[in-house]
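**Q** Would you mind keeping the following structure in view while I ask a few things?
We did not get these values from a lab; they are worked out from the coordinates using the rules stated. Remember, it's a predicted structure, so these values are computed and weren't measured experimentally. Here the Cβ positions follow ideal geometry from the backbone for every residue, glycine too, while neighbour counts run over all protein chains shown.
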Amino acid sequence: MRLVTDERSRGEAARDLLEPTGAPVMAQEPARGQYAQVQGLFDRGRLVAVHTSVQTGTGIGPSAAARVSVDHPNPRRDIATLGEALAWHGGLTLDYLHEQGEPSYIECNPRTVEPGNAAASGVNLPELQVRLTTGERLPSPPRTGAAGVRTHGTIALALGAAAYGRTRRAVGGELARAAARHGCYHASAEQLTPVLRDPPSAAAAVYVIGQALVSPSRATDLARKAVARYSITPTTIETLTGVVQAA
């Protein structure tokens, strides 16, 4: 998914999405509302954990590189209904735009996505998923994340500033806000590079932020290469589909 705001971002989106495979893409007009996400974990259709959060800061992608957990009962109800109808087993994530908690859904991911804010809010989705995978029956009612918990990823926000601000000043301004704990950093916990708890993570922070400061245009390339290393391409999907159909 790409956010297109001008000629340059349109060209970048076309290069990233059309040139590799020539597969069709879908373009949508921006919808109204604030970006949010509901994450669910299911035991064969039974919701065992759920968490809702909204975006407070924009990273590259654009991604929700800073979040605050919220109490959105309607998305929690909707993901429970969907998971039950599918007899879903494992993680399921719905992205939506909301106005006063009323959702307009824009994307569904058949997996657990960015679990840092949920974990900080009391719902450790990776741990619960491991327990579920090993056969443990998780209790009801579903574990629900506490509202009002703020988290962020400084390097993701710095890359977002580089990609969309496109100047060293934009990156420097983002780092100044992080150092002063202003904006989305206020009363927020670092999730990607918590150097006090994980000192080696400082190496990643120094490298990525250094690249963004040396040349802000490198931010997009860094993100593109990272995604390419883990994403499943349309060609891979076609190959796997052929294997399944031939079995």
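**Q** Any chance you could check the Cα centroid distance between region 8-28 and region 123-150 for me, in angstrom?
**A** So the two Cα centres are separated by 37 Å.
**Q** Just tell me the longest site-free run in the chain, where the sites are trypsin sites (Lys or Arg not before Pro) in a DSSP loop having at most 13 other beta-carbon atoms within 10 Å. Intermediate values should be presented prior to the final figure.
**A** Values: sites that count: R32, R44, R111, R137, R181, R197.
The longest such stretch corresponds to 45-110.
**Q** Return H51, H186, H72 ranked ascending by Cβ neighbour count within 10 Å, so the fewest neighbours appear first. Please report the intermediate quantities before stating the final value.
**A** Values: H51 29, H186 12, H72 24.
Listed from fewest to most nearby Cβ atoms, that is H186, H72, H51.
**Q** 222 nm [θ] for the chain, helices only, -39500 (n - 2.57) per DSSP H run of 4+, per residue, to 500?
**A** On the way: 9 runs with 104 residues, N = 247.
My calculation for the chain gives -13000 deg cm²/dmol from helical runs alone.
**Q** Quote the relative contact order of the chain in percent (integer), defining contacts as alpha-carbon pairs under 8 Å separated by 6+ residues.
**A** Numbers: 412 pairs, mean separation 43.9, N = 247.
Once divided by the residue count of the chain, the mean separation gives 18 percent.
**Q** Follow-up question, since we're still on this one. If you average the sequence gap of Cα pairs under 8 Å that are 6 or more apart and divide by the length of region 153-233, what percent do you get for the contact order? Working shown, then result.
**A** Numbers: 73 pairs, mean separation 32.1, N = 81.
40 percent.
**Q** From the list (i) 6, 21, 33, 26, 11, 2, 0; (ii) 7, 26, 34, 26, 7, 0; (iii) 7, 31, 36, 18, 6, 2, 0, can you say which value of P(r) over Cα pairs in 10 Å bins from 0, in percent was derived from the structure given?
**A** Looking at P(r) over Cα pairs in 10 Å bins from 0, in percent for this model, the match is (ii).
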